[in-house]
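Working notes, structure below.
The values are calculated or read from the model by the stated rules, or taken from the named source; none is laboratory data. Just so it is clear, the model here is predicted, and its values are computed rather than measured. Methodologically, a virtual Cβ is constructed for each residue, glycine included, from the backbone with ideal geometry; neighbour enumeration extends over all protein chains shown. SASA here: full protein model, heavy atoms, side chains in, ligands and nucleic acids out. Shrake-Rupley method; radii C 1.70, N 1.55, O 1.52, S 1.80 Å.
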Amino acid sequence: MTDKTNAAYGGLSRLNHWLGALLFGGMLIVGFILSYDVLSREAAGPVRDLHKATGTLLLLFAFWRVGWRMVQGFPPPVPGVPAWQDTASRLVHWGMLAALIAMPLSGVLMSLLGGRPINFFDLFLIPPIAENKEACRCPGC
Ligand code: HEM
Ligand code: HEM
């Protein structure tokens, strides 16, 4: 299946883009709400668990999203666009795609390497990869 034309991204690419924009944008907002102590300690716990579980799910989504772009490639440049602009746009696009993976991956690593498990929507726990050596004062528990 070819999910692009000579002039535009195809339907699935667009769905990926806007679903991703919505979910990543939501994660950003919830992340800042958590970090700036807007919520009480009790209220923050379940929201943090949800942030971590959704973020972990988004890591899988990011792999799919970037994989689909690698398989499909980008629509060709608009005729008449100078080569340097085409190169610049490719670099920026690949940078954004890399960030799509780096963002949730850094969250998962922060949690697991910090000795904290990820509660995946109360279905199962992803165990930490490192021990938490200190008495836990961190906001991530
Ligand atoms: C209102 C918000 C947004 C607008 C208006 C927007 C618009 C665009 C446009 C115009 C392009 C270039 C398409 C082309 O090459 O012709 C693009 C590409 C892209 N955008 Fe967004 N975007 C938004 C939000 C986001 C968010 C939040 C993310 C990431 C979470 C994102 C990730 C990407 C990526 C990775 C590309 C590269 C092309 C691809 O593989 O999809 N965008 N966006
Ligand atoms: C789409 C992916 C993600 C985005 C956009 C995102 C965004 C954010 C942002 C903006 C913050 C606030 C950072 C600060 O101000 O210092 C934050 C905090 C945090 N994130 Fe994420 N995050 C994502 C994925 C994850 C994942 C996958 C995990 C763990 C599995 C995670 C765990 C945390 C934790 C523990 C905090 C600290 C919360 C607190 O202070 O109580 N995030 N996130």
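Scanning the stretch 75-89 for residues that are open to solvent by 60 Å² or more (accessible area, probe 1.4 Å) and assigned to a helix (DSSP H, G or I) returns A83, W84, Q85, T87.
The test for being surrounded by 12 or more Cβ atoms within 10 Å (Cβ to Cβ), of a type outside the set (K, R) and touching a residue at least 60 places away in the same chain (Cβ under 8 Å) does not hold for I129. Which of the residues spanning the stretch 30-74 are of a type in the set (A, V, I, L, M) and in contact with a Ser or Thr (Cβ under 9 Å, 6 or more places away or on another chain)? Hit for the stretch 30-74 is V30, nothing else. Checking each residue in the stretch 27-52 for being within 16 Å of ligand 1 (Cβ to nearest atom), surrounded by 14 or more Cβ atoms within 10 Å (Cβ to Cβ) and of a type in the set (V, I, T) picks out only V30.
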